[in-house]
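Shown next, in structure tokens, is the structure this report addresses.
The values are calculated or read from the model by the stated rules, or taken from the named source; none is laboratory data. Remember, predicted model here, so these are calculated numbers, not experimental data. Cβ placement follows ideal geometry from the backbone for every residue including glycine, while neighbour counts extend to all protein chains displayed.
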Amino acid sequence: MINFEISMIKVDLLTKRIGLICQFLNAGGGTLEEMREYVNENLVDLGLKEIGTRTLQTCLEKLRKGDFEHSEKGKPKKERARLFKIDVIENYIYKWNKNSSYPKFGDLDEDERFTLPFLAGILKQYESIPAVQKILLQLPHIFNISESEMESKNAIYHSGPQFFDNTDPRFHEKTMDCVIKILSCIHHSQCIEFHYTSTRNFEEKEKSYLVSLSPLQIRFYENYYYLIGLDNDNDSNKIRPYRVDQIQRHKIDISLDENDNARIFDRREIEKEHNFKSRLKYAMGIWINDHEDPLYEIKIKFIEFAATYIKRLKFHPSQKIIDENKKEKSITISLKLKLRKESDEYTKLEERQYDLAFLLGRFREYAQVISFKPI
């Protein structure tokens, strides 16, 4: 077993090295020394050891013979040896032969290869996430995508609001650092503390208050990161959402007990006691209603542009199209959501479900609530 694992590691390294050689040749080629420098620079970026000229020449020989992991590895040995042709021309320049085939790594066909730049274009907007940075860095090396192929990602443009702060160019990065710290605390079941400014307050620094929380979940909703957790204040003991960028100085502290040890919570017990999964089922967006809040079936009619918009997007798992009228260009959907209990303070629908109010608000008079009845 150990020998097999070592063998697989060697094969993987060989494939990575040959993939980098192919990238060098795809870019026009060059001398053996230029090839070695290119390969080593990229190996270092991947956290791998550099190679010498002899190892490079061995990899070139393997490439010529087709003796490495690629999509046509299953062909007979003689056929593989005729696939990948490299010329050494004047001044010892290594280039692809004009009649050469090009290795395809990861069993990707021509159409699939162009889905990788598309994926890179999508991921680009999340490159502040460390794992995404590594994925973007390694995609070309894993699948041997050339620079010219990767440039097609520029043909994909993602419009929409960007997360930023006029006074701090690192605001998004700091928010992501905060998210990562919270995720670590969730993983280790550690209670946290932070100073928070409500989104209702415009002045961020003047009206902050201390929050003690058992963190349960991070949600990315409408371009913002939200922390969902159980408020540890004995007078509250409710599950609440907090917008991560509203946390003062993006500073998260681990709550300590009287012995200066991290306070630990039982996530499963909290979720069971507060019926968390059931409440998520009937929540929309990030607002988590109280367990005792009533469940409603809500019917909404959308017309014209709003109808075509809602037709292809599902904003909630319970969403169903119950009527489609082509003559008046309308679609009626139903949703099952929990609403706040009706009271003197909360009488209108939009006051009883903020995320639903946000959805309706974007369509103005083109969206009309037909009915909402308790189930």
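A few points about this structure:
- Set side by side, the residues Leu349, Leu339, Leu335 differ, and just one is modelled with pLDDT under 90, surrounded by 13 or more Cβ atoms within 10 Å (Cβ to Cβ) and under 14 Å from Ile298 (Cα atoms), which is Leu349.
- When residues of the stretch 337-362 are limited to those that are part of a loop (DSSP other than H, G, I, E, B) and closer than 23 Å to Phe220 by Cβ, the one farthest from the chain's Cα centre (by Cα): Gln353
- Flag if Glu173 is out of contact with any Asp or Glu (no Cβ under 9 Å at 6 or more places or on another chain), of a type outside the set (A, V, I, L, M) and modelled with pLDDT under 80: no
- For the stretch 20-58, a residue qualifies if it is within 19 Å of Tyr102 (Cβ to Cβ) and of a type in the set (Gly, Ala, Ser), and the qualifying residues are Ala27, Gly28, Gly29, Gly30.
- Asn237, sole failed condition from (1) free of Cβ contacts under 8 Å to residues at least 40 places away in the same chain; (2) crowded, with 16+ Cβ neighbours inside 10 Å: (2)
- Some residue of the stretch 266-274 being touching a Ser or Thr at 6+ places or on another chain (Cβ under 8 Å), assigned by TED's automatic domain parsing to the domain that holds Ile239 and among the hydrophobic types (A, V, I, L, M, F, W, C): yes
- All positions within the stretch 278-297 that are of a type in the set (S, T, N, Q) and out of contact with any strand residue (DSSP E or B) (no Cβ under 6 Å at 6 or more places or on another chain): Ser278
- Checking Asp231 against (1) touching a Leu at 6+ places or on another chain (Cβ under 8 Å); (2) buried (at least 19 other Cβ atoms within 10 Å of the Cβ), the condition it does not meet: (2)
- Looking only at the stretch 318-332, and only at residues there that are assigned to a loop (DSSP other than H, G, I, E, B) and farther than 15 Å from Ile298 by Cα, the one that is nearest to the chain's Cα centre (by Cα): Lys329
- Residue in the stretch 334-355 that is nearest to His291 (Cα to Cα), counting only those that are touching a His at 6+ places or on another chain (Cβ under 9 Å) and hydrophobic (A, V, I, L, M, F, W, C): Leu337
- The stretch 287-317: number of residues that are within 15 Å of Asp355 (Cα to Cα), at pLDDT 90 or above, assigned to a loop (DSSP other than H, G, I, E, B) and touching a Leu at 6+ places or on another chain (Cβ under 8 Å): 2
- Scan of the stretch 248-259 for residues that are part of a loop (DSSP other than H, G, I, E, B) and either among the basic types (Lys, Arg) or modelled with pLDDT under 95 (or both), ordered by number: Lys251, Asp257, Glu258, Asn259
- Condition check for Phe114 on (1) surrounded by 12 or more Cβ atoms within 10 Å (Cβ to Cβ); (2) modelled with pLDDT of 80 or more: one failure, at (2).
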